[in-house]
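First up is the structure itself, then whatever we jot down about it.
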Amino acid sequence: MTTFLIRRLLQSVLLLFIVSVVIFTIVHAAPGGPAVLINPEIDPRTAQEFAEQLGLNDPVPVQYGRWLGNVARFDLGLSLQHSVPTTTLIRERFPASLLLAGSAMALATVVALVLGIVSALKRYSVWDYSATLVAFLGLSVPGFWLGIMLIIVFSVKLGWLPSSGMASDQGGGFVDRVKHLVMPAFVLSTFAVAQLARYTRSSMIEVLRNDYIRTARAKGLSERIVILQHALRNALIPVITVLAVTTPRLIGGAVITETVFAWPGMGRLAANAAFTRDYPLVMAITMCVAVLVITSNLLADLCYGMLDPRITFK
Amino acid sequence: MAGQTIERARAAPAQVAGTDRGVWSREGQSSSRSGVRALWRRFRRNRLAIVGIVVLMAFYGLAFAAPWVAPHDPDRIFLMQRFAGPSAEHWLGTDETGRDVFSRLIYGSRVSLTVGLIATLVAVSIGTILGAAAGYAGGALDAVLMRFVDGMLTIPTFFLALLVLAVFGPSLRNLVIVIGLTSWMIVARVVRSEVLRAKQEEFVGAARSIGASPLRILRFHVLPQAVPSLIVSATLGVAHAIIVESSLSYLGLGVRPPTSTWGNMLSGSQAYIWNRPDLALYPGLLILLSVLAFNMVGDALRDTLDPRQSGS
């Protein structure tokens, strides 16, 4: 187990290195420069000095080396646009993103498990076909459009839910926050629901064919226990991998969802950083996201082992 | 005996053509043709997929015939009729600058539908080359390429696409390149695993023993084995590419106005949802329908061509 963790940690460092090289090269290879420097209000000479000061005129490998050196000292740099440490900006925005993504993930898991289990148990029934259709729709609907449609129905026509932000201007209590969260979380969850439901269905069907299910039924266990404890536990194993694989897609989807609903999270911060060519902020967010994805993959592998004792960590 | 063999061939054509009779059955024209027919019979059973094909044919037909079908020039501005409701002259009304919505939808399909196709072509080409190289060469090249794939998969592809377009500037060409460059990784993995499998087959060893070059072996003996999985992931890839294109256009990183695409028609529409919600409705509905059609066809293809990976 320890050797497994150490090896994974080393692999993760390698992955982070690859990611940082790719992104750094892309961001710096493009013509033009950060938006703060192209600002027409700034005197070109001042901009030139500023660029010199930031070392933006050095060759890209030199700049990368400097960046890497700073990262090794846990310094992710100052945002060019906001002139504050990038870590401060991320820390400000992170809770909002975590709330949104966490709710979406939780919602997706619950809905997908219900859909998947019902489909698998009542195979080729109306329920199964409806669940399959829902999954297809979830895979195919563009998130931003679904968001706009929901705003039209629930904010514009019915006036039930607020169309943007995380809370009302006056602050608002728990109910107010939940109202703000419902639509973005739903939109962000659609893809994951579809993906998970399909895998849960096929995984359940596979598991239900096994002898130990027949044994469990034969010894007189109630159907509920057979399904939830014997079948679902085994069916979950492949589903958990899918859950981990969905994480990057969820983070990418958050950029869109946060834009549609003006949600003050990291997705919008990332989009703005990209638009304004805020190099340090882009790099900081990328690293943050990469760490998240790697961690979720590692967690999935650990859960794998917990659910299936046959798997050992080497 | 003979009758039974034919029965079996009909029941499981993929298996028979793929492994049982190996390379010999592939030489015969007639047997591969009846294989295709058997696959078609299996595919046809999936009614949703047939609906999907019909929808796609209609959409691509309309996109091709846009100049003859569209009632108006998509960029013509009817100054006195901004935000006009549906009428005999403007079937779906006009938009915020007084352009005919129906005509813009038809012309918009051209960009949205072709970007998806070409971007997927780019992705499949890159993925096939790298995947085949990694799988066939093995060793250090395989390790390096696959770590690179892992690294690329660690960055959310949409985030990467957004970053590149924001930095290099949005254009039709950049859009296609970026979507292609950010979605080849899964193809590479699929091709690699197919190549690894095919490498074990006897006919590859046979080809090698008579002195065929690695490129020739890849081209004629190994890659054909990967074609079914490639077709499946390409079809599903187009679906994904269309969504990515429209999402990027929504953020203002797609094809620039005045050229209409479904994505950029939507990006302007959110400002007018109070008085004209239908401006947002139509383009999204068309995106949904085309993506749904590609997904259904791709899913049915997987069931037909690649039973190992199918869902049930």
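The values are calculated or read from the model by the stated rules, or taken from the named source; none is laboratory data. All values reported here derive from a predicted model rather than from experimental measurement. Cβ atoms come from the backbone with ideal geometry, glycine included; neighbour counts cover every protein chain shown. Each accessible area value is taken on the protein alone, full model and side chains, heavy atoms only, with ligands, DNA and RNA left out. Shrake-Rupley method; radii C 1.70, N 1.55, O 1.52, S 1.80 Å.
Between residue B:114 and residue A:74, the FRET efficiency from the beta-carbon distance, with R0 = 35 Å, is close to 0.15. Rounded, prolate or oblate: pick one for the protein assembly as shown, where a ≥ b ≥ c are the square roots of the eigenvalues of its C-alpha gyration tensor, a/c under 1.5 means rounded, and failing that, prolate if a/b is larger than b/c, else oblate. The shape class here is rounded. The ellipsoid equivalent to the alpha-carbon distribution of segment A:156-291 has semi-axes of 40, 22, 11 angstrom, derived from the gyration tensor eigenvalues as √(5λ) and listed largest first. The interface between chain B and chain A buries about 4100 Å² of solvent-accessible area in total (1.4 Å probe, ligands and nucleic acids excluded).
Of all aspartates and glutamates in the structure, those lying under 20 Å Cα to Cα from residue A:157, and not within fewer than 8 positions of it along the same chain, are A:176, B:278.
Expressed as a whole percent, the proportion of Cα-Cα pairs in segment A:51-94 lying more than 13 Å apart is 62%.
Compute the FRET efficiency between residue B:215 and residue A:222 as 1/(1 + (r/R0)^6), taking r as their Cβ-Cβ distance and R0 = 51 Å, and round to the nearest 0.05.
Efficiency computed from Cβ-Cβ geometry: 0.25.
Mean partner shielding of peptide A:7-17, defined as the number of other chain Cβ atoms within 10 Å of each residue Cβ, is 2.
With no solvent and one point on each alpha carbon, what is the Debye value of log10 I(q)/I(0) for segment A:101-220 at q = 0.10, 0.11, 0.20 Å⁻¹? Debye intensities relative to I(0), on a log10 scale: -0.42, -0.49, -1.06. An ellipsoid equivalent to segment A:253-307, defined through the eigenvalues of its Cα gyration tensor, has semi-axes of 28, 15, 6 Å when rounded to whole angstrom and sorted largest first. So how tilted is helix A:232-260 from the main axis of chain A? Cα-based, degrees 0 to 90, rounded to 10. The two axes meet at around 40 degrees. Distance between the C-alpha centers of segment A:99-125 and segment B:233-290? Whole Å please. So the two Cα centres are separated by 28 Å.
Computed from Cα atoms, the angle from the helix A:279-307 axis to the main principal axis of chain A rounds to 20 degrees.
For peptide A:132-142, the mean count of partner chain Cβ atoms within 10 Å of a residue's Cβ comes to 6. Percent of alpha carbon pairs in segment B:57-140 separated by more than 17 Å? Here the tail beyond 17 Å accounts for 60 percent of pairs. Using a 10 angstrom cutoff on alpha carbons, build the Gaussian network for chain B and name the most mobile of B:181, B:105, B:153. Result: B:153 has the largest fluctuation of those listed. With all protein chains in place and a 1.4 Å probe, the accessible surface of the protein assembly as shown carries 65 percent carbon and sulfur. Between 0 and 90 degrees, the angle of helix A:2-29 with respect to the longest Cα principal axis of chain A falls at about 50 degrees.
When the convex hull of the Cα atoms of segment A:1-158 is projected onto a plane and the area is averaged over all directions, what value comes out in nm²? Write down the numbers at each step before the final one.
Numbers: hull surface 67.7 nm².
Averaging across all directions leaves 16.9 nm² for the Cα convex hull.
Which whole-number value in Å² is the accessible area per residue of chain B, probe 1.4 Å?
Working: 14860 Å² over 312 residues.
For chain B, the solvent-accessible area averages 48 Å² per residue.
Compute the relative contact order of segment B:56-159 as a whole-number percentage, counting only Cα pairs closer than 8 Å that sit 6 or more residues apart in sequence. If you can, show how the numbers build up before the last one.
Working: 91 pairs, mean separation 20.0, N = 104.
Computed over segment B:56-159, the figure is 19 percent.
Compactness ratio for segment B:53-309: Cα radius of gyration over 2.2 N^0.38 Å (N = residue count) comes to 1.21. Grab the beta carbon distance between residue B:50 and residue A:21, set R0 = 35 Å, and tell me the FRET efficiency rounded to 0.05. Result of the calculation: an efficiency of 0.15. From its DSSP helices (H runs of at least four residues, each -39,500 (n - 2.57)), the protein assembly as shown gives a residue-normalised ellipticity at 222 nm of -24000 deg cm²/dmol.
Annotation: chain A has a Kirkwood hydrodynamic radius of 22.5 angstrom, from the mean reciprocal C-alpha pair distance. Counting only protein heavy atoms and a 1.4 Å probe, segment A:86-307 has 44 square angstrom of accessible area per residue.
Interface residues of segment B:136-157, defined as those losing at least 30 Å² of solvent-accessible heavy-atom surface relative to the isolated chain (probe radius 1.4 Å), are listed as B:147, B:148, B:151, B:154, B:155, B:156.
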